[in-house]
Amino acid sequence: MSPIRILHVLATLDRGGAESMLMSLYRNIDKDRFQFDFVVNDDKAYYAFEDEIKALGGHVYRMPRYKLYNHFSYRKAYDLFFKANHPWPIIHGHYTTAAAAYLTSAKKLGKKTIAHSHATRTTYDGLDNRLLGLFVRFSKILTLYPLRFLPDYLFACSVTAGKFMFGAKRPVTIINNAVDITLFKYDSIAREEMRQTLGLGAQYTLGHVARFSLVKNQTFILDIFYELKKQLPDIKLILVGEGQLLEEVKEKARKLGLQKDVIFTGARGDVHRLMQAMDIYLFPSTHEGLPVVAIEAQAASLPCLFSDRITDEVVLTDSALLLPIDKGVTPWVDEILRQQQMPVKTDNHLVIKNKGYDIATESARLMELYQAMLEGAA
């Protein structure tokens, strides 16, 4: 008997948080029962996860990007796509900006539909024109509001993300941004190897993993690091990722005279090993849903300092703390100095598992949710 194929609709398939979480679920599902396919709404020639998807038996399809003004042609493209390709009884939509359009096309053919929220607010990176910003905000409201009633099922990565995207009137199923806790479990041998590879020696090392964007606030991390070096001159900073602001952040590091002490690794597929090399993890985002990398850092048993703009649902261990980003760098510098005096790691791997963020447990739960939808029991 062939597995039931589920179609996931995303904006991209690069190494972002939602994409990484979805790939972890994909690796762990029983592929005799379910198989995943993916639609990306972009024409990029190659995506980071594409080869792995194909090796696992999945397919990757490309559709045009949603632009609001192309709403009707976009809908028509999905009408034709679903009619030509119809092995999916469930359409799982992660690309919420366009979900009202493609989920409407899916529902016309009797498919079960899911909208999945990964955010607590919309993003406007790079918009410095006020009028354009207002237009984008209006268009987001116009496209997102139908998701409160259109999909058959509503998923979210956190309670806060669910209320933001769907309001409070309909039930929302929380799908935890689970990780492979065995992969991130503290490993002293891997730590020594990675620190040697990075040339760290015994230096106290700060770390951060994210795309380079206004939301992720890497310039704030550089400000923290600059002030911290006045008291701890022999420290290092690892910044992992790529993005539209990477060169801007590198330039700021040069202007602050930090270029020799900041390690830019680019996008990496071995984040679990890079985290072993870190001594503390910083994540001062201006907003988030519930970031996967924050769970990974806690699973790696790192002390974690998160922005207070992130939902407090992200704090899973005693080693994690929310700090303000609107009071300057001082609270962050003070807390890092305090943490630096407590170098003994606490193994958090079982704490993460017991709180429902183990990928094996969550992938099994997702399969049961799909099964219940197909049987009409959910």
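Residues checked against (1) within 19 Å of the chain's Cα centre (by Cα); (2) under 15 Å from HIS94 (Cβ atoms); (3) surrounded by fewer than 17 Cβ atoms within 10 Å (Cβ to Cβ); (4) of a type in the set (A, V, I, L, M, F, W, C):
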{"position": "SER2", "(1), (2), (3), (4)": "no, no, yes, no"}
{"position": "ALA11", "(1), (2), (3), (4)": "yes, yes, no, yes"}
{"position": "GLU19", "(1), (2), (3), (4)": "yes, yes, no, no"}
{"position": "LYS31", "(1), (2), (3), (4)": "no, no, yes, no"}
{"position": "PHE34", "(1), (2), (3), (4)": "no, no, no, yes"}
{"position": "PHE38", "(1), (2), (3), (4)": "yes, yes, no, yes"}
{"position": "ASP43", "(1), (2), (3), (4)": "no, no, yes, no"}
{"position": "LYS54", "(1), (2), (3), (4)": "no, no, yes, no"}
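Residue check: is LEU150 over 24 Å from the mean Cα position of the chain (by Cα), on the phi < 0 side of the Ramachandran plot and surrounded by 14 or more Cβ atoms within 10 Å (Cβ to Cβ)? Yes; evaluated as a whole, the condition is true for this residue.
Test GLN298 against the criterion of being of a type in the set (S, T, N, Q), within 20 Å of SER20 (Cα to Cα) and under 18 Å from the mean Cα position of the chain (by Cα), and give yes or no. Yes, satisfied.
Scanning segment 181-199 for residues that are surrounded by 17 or more Cβ atoms within 10 Å (Cβ to Cβ) and more than 12 Å from GLN276 (Cα to Cα) yields one hit, ILE181.
The set of residues in segment 335-353 that are in a helix (DSSP H, G or I) and either in the same structural domain as ILE90 (by TED's automatic domain parsing) or surrounded by 14 or more Cβ atoms within 10 Å (Cβ to Cβ) (or both) comprises GLU335, ILE336, GLN339, GLN340, HIS349, VAL351, ILE352, LYS353. The residues on offer are GLN218, GLN196, GLN244, and the sole one that is assigned by TED's automatic domain parsing to the domain that holds THR311 and more than 22 Å from the chain's Cα centre (by Cα) is GLN196. For segment 111-133, a residue qualifies if it is modelled with pLDDT of 50 or more and over 22 Å from the mean Cα position of the chain (by Cα), and the qualifying residues are LYS111, LYS112, ARG130. State yes or no: is LYS163 of a type in the set (D, E, K, R), outside any helix (DSSP H, G or I) and more than 21 Å from VAL240 (Cα to Cα)? In short, no. Filtering segment 57-98 to residues that are in contact with a strand residue (DSSP E or B) (Cβ under 8 Å, 6 or more places away or on another chain), over 25 Å from LEU142 (Cβ atoms) and in contact (Cβ under 8 Å) with a residue 24 or more places away in the chain leaves GLY57, GLY58, VAL60, TYR61, ASN85, PRO87, TRP88, PRO89, ILE90.
How many residues does segment 1-21 hold that are polar (S, T, N, Q), closer than 30 Å to GLY243 by Cα and part of a loop (DSSP other than H, G, I, E, B)? Selection size over segment 1-21: 1. For segment 22-58, the tally of residues that are in a loop (DSSP other than H, G, I, E, B) and farther than 22 Å from LEU369 by Cα stands at 9. With the structure loaded, tell me whether ASP223 is farther than 18 Å from SER307 by Cα and of a type in the set (Asp, Glu) or whether it fails that test. Judged against the criteria, ASP223 is not a match. When segment 298-311 is filtered for residues that are touching a helix residue (DSSP H, G or I) at 6+ places or on another chain (Cβ under 9 Å) and without any contact (Cβ under 8 Å) to a residue 24 or more places away in the chain, only PHE306 remains. Here PRO89 passes the criteria (1) buried (at least 20 other Cβ atoms within 10 Å of the Cβ); (2) under 30 Å from ARG170 (Cα atoms); (3) not basic (Lys, Arg) except the one numbered (1).
The values are calculated or read from the model by the stated rules, or taken from the named source; none is laboratory data. In this text the structure is predicted, and so the values were computed from the model without any measurement. So basically every Cβ, Gly included, is an ideal-geometry build from the backbone, and we count neighbours across all protein chains shown.
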